[in-house]
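The values are calculated or read from the model by the stated rules, or taken from the named source; none is laboratory data. Predicted, not measured: the structure shown is a model, and the values here were computed from it. Here the Cβ is made from the backbone with ideal geometry for all residues, glycine too, and neighbour counts use every protein chain on show. Side chains included, ligands, DNA and RNA excluded: accessible areas come from the protein's heavy atoms. Shrake-Rupley method; radii C 1.70, N 1.55, O 1.52, S 1.80 Å.
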Amino acid sequence: MAGHRALKKIAKRGGEVVLIDGTLIPTQRRTGRANRPNRPNYSGKHRRYGLHLIALTDERGHLVWISAARPGRTHDITAARRDHILAHLRAAGLGALAHLGSIGLDDDGDDPVVVTGFKATRARKLTPAEREANRILAAGRAPVERGFAHLKNWRILTKLRTDPARATHLLRALLVLTNIEATTGNCSIPQAARDQHKHPEQRH
């Protein structure tokens with residue numbers, strides 16, 4: 001996994017945690033009897049068709065790795081386990097902040113590397129301390145959303161079909177361009193590529 005090298009770099013720079021999250025990249029729905037295999041790409045959570053991916057960012061929200069694109073109905077935990085995220089985190093000596101939907105991803109009670117916060121149930125409400133811990137965790141995770149926002153701002157993604165292999169190649173190429181833009185202020189990106197990118201302040 002290329003992300004393993006990125007995690008090692010973060011640890012070498014003195015980093016202690018990364019942010020992990022999953023997202024849905026909306027796709028154009030293919031219709032017709034011949035396109036029944038498109039059904040796995042429907043995300044009940046988002047109520048639309050798309051491709052799922054997970055990403056790792058540093059504490060500032062800088063994207064360091066994205067997974068292969070998978071059918072939209074894929075759960076974050078399933079994707080993280082397929083990519084052996086926990087093993088790579090432990091190998092790099094890093095922890096990770098994740099949302100409540102990732103509860104159960106790290107079941108090592110003695111040495112957990114993924115922090116997910118606390119979840120209320122019908123039988124038990126959160127204590128004030130647990131609510132405060134969740135608030136702090138949410139604030140710490142906020143930058144990961146900015147990382148996704150920059151990646152999703154590429155207009156070419158609006159034409160994305162549901163072929164995971166092609167989408168993976170495209171998304172990883174856009175990840176490189178996104179990071180170049182973030183570090184160089186567009187200076188190294190060809191004009192044609194920059195024209196395909198819409199900055200967050202231009203979104204509607």
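Inter-label distance, residue 120 to residue 84: 4.0 nm, where each label sits 7 Å from its Cα along the C-beta direction. Ignoring aspartates and glutamates fewer than eight residues from residue 159 along the same chain, the ones with Cα atoms less than 16 angstrom from its Cα are 195.
By how many nm would the segment from residue 129 to residue 12 lengthen if fully extended, with 0.36 nm per residue of separation less the alpha-carbon distance? Before the final figure, lay out the partial values.
Numbers: separation 117, 0.36 × 117 = 42.12 nm, distance 3.31 nm.
Between residue 129 and residue 12, full extension yields an extra 38.8 nm.
Roughly to the nearest percent, how much of the accessible area of the stretch 1-144 is carbon and sulfur, given a 1.4 Å probe? Its accessible area is 51 percent carbon and sulfur atoms. Amide hydrogen proximity for residue 48: with H placed 1.01 Å from N in the peptide plane, the residues at 5 or more positions away or on another chain lying under 5 Å are 43. Residue-wise HN-Hα couplings along the stretch 114-119, as the Karplus relation 6.51 cos²θ - 1.76 cosθ + 1.60 with θ = phi - 60° gives them from phi, are 10, 9, 10, x, 10, 10 Hz; Gly and Pro carry x. Each residue was assigned an accessible area with a 1.4 Å probe, and for residue 136 the value is about 100 Å².
Surface exposure of the stretch 28-158, expressed per residue as accessible area with a 1.4 Å probe, stands at 58 Å².
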